[in-house]
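These notes are about the structure you will find just below.
The values are calculated or read from the model by the stated rules, or taken from the named source; none is laboratory data. Quantities reported herein were computed from a predicted structural model and do not represent experimental measurements. Cβ placement follows ideal geometry from the backbone for every residue including glycine, while neighbour counts extend to all protein chains displayed.
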Amino acid sequence: MIPIEKESPDMYANTHVYEHCYFCDEEIDTWHKNTNQPVCKKCSKTHTVNELMKAHPDYKPHKS
């Protein structure tokens with residue numbers, strides 16, 4: 001299972017674009033914070049974090 005978070009509504013308000021799930025290409029507003037990859041609820045239940053690549057090799061998530 002991949003832990004996901006809901007994207008801030010400000011992101012869509014600023015861009016008017018949803019990202020596409022890393023696995024199934026569905027438009028979504030959820031993502032895996034540690035890899036900065038968009039992942040939908042359905043795929044988060046059937047895949048693992050090890051299947052995700054980091055969005056950028058030097059990416060480090062901001063601590064909240």
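Data for the structure
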| read-out | value |
| --- | --- |
| Residue count for region 38-56, restricted to those that are more than 19 Å from TYR18 (Cα to Cα), part of a helix (DSSP H, G or I) and at pLDDT 95 or above | 2 |
| Top-ranked residue of region 1-37 - restricted to ones that are part of a strand (DSSP E or B), without any contact (Cβ under 8 Å) to a residue 24 or more places away in the chain and not β-branched (Val, Ile, Thr), ranked as surrounded by the most Cβ atoms within 10 Å (Cβ to Cβ) | GLN37 |
